[in-house]
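Structure, as structure tokens:
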Amino acid sequence: MTTVTSDPWLTPVELAAMFAIPVETIYAWKYRKVGPPAHKIGRHLRYRLTEVNAWAVAQ
């Protein structure tokens, strides 16, 4: 059985707007593996809001 959550997914553009940083920084974080956990959905990069918030608190 699959659990469906209502946790929203953020695009790199939305994540950059959330932190008021350039989108290029988001892609650099993913490349260097230093930012919030990223997920590939098909060919799209997405971030779970709860994981982003948890990562931000841990910083």
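Values quoted throughout were computed directly from the atomic coordinates according to the rules given, and no laboratory measurement underlies them. As the structure is a prediction and not an experimental result, all values here were calculated from the model. Glycine also receives a Cβ, built like all others from the backbone with ideal geometry; neighbour counts cover every protein chain displayed.
Quick notes
- Considering residues of segment 20-55 that are among the aliphatic types (A, V, I, L, M) and in contact (Cβ under 8 Å) with a residue 24 or more places away in the chain only, the residue farthest from Ser6 (Cα to Cα): Leu45
- Here is the figure for segment 15-59: residues that are surrounded by 15 or more Cβ atoms within 10 Å (Cβ to Cβ), of a type outside the set (A, V, I, L, M) and in a strand (DSSP E or B) total 3.
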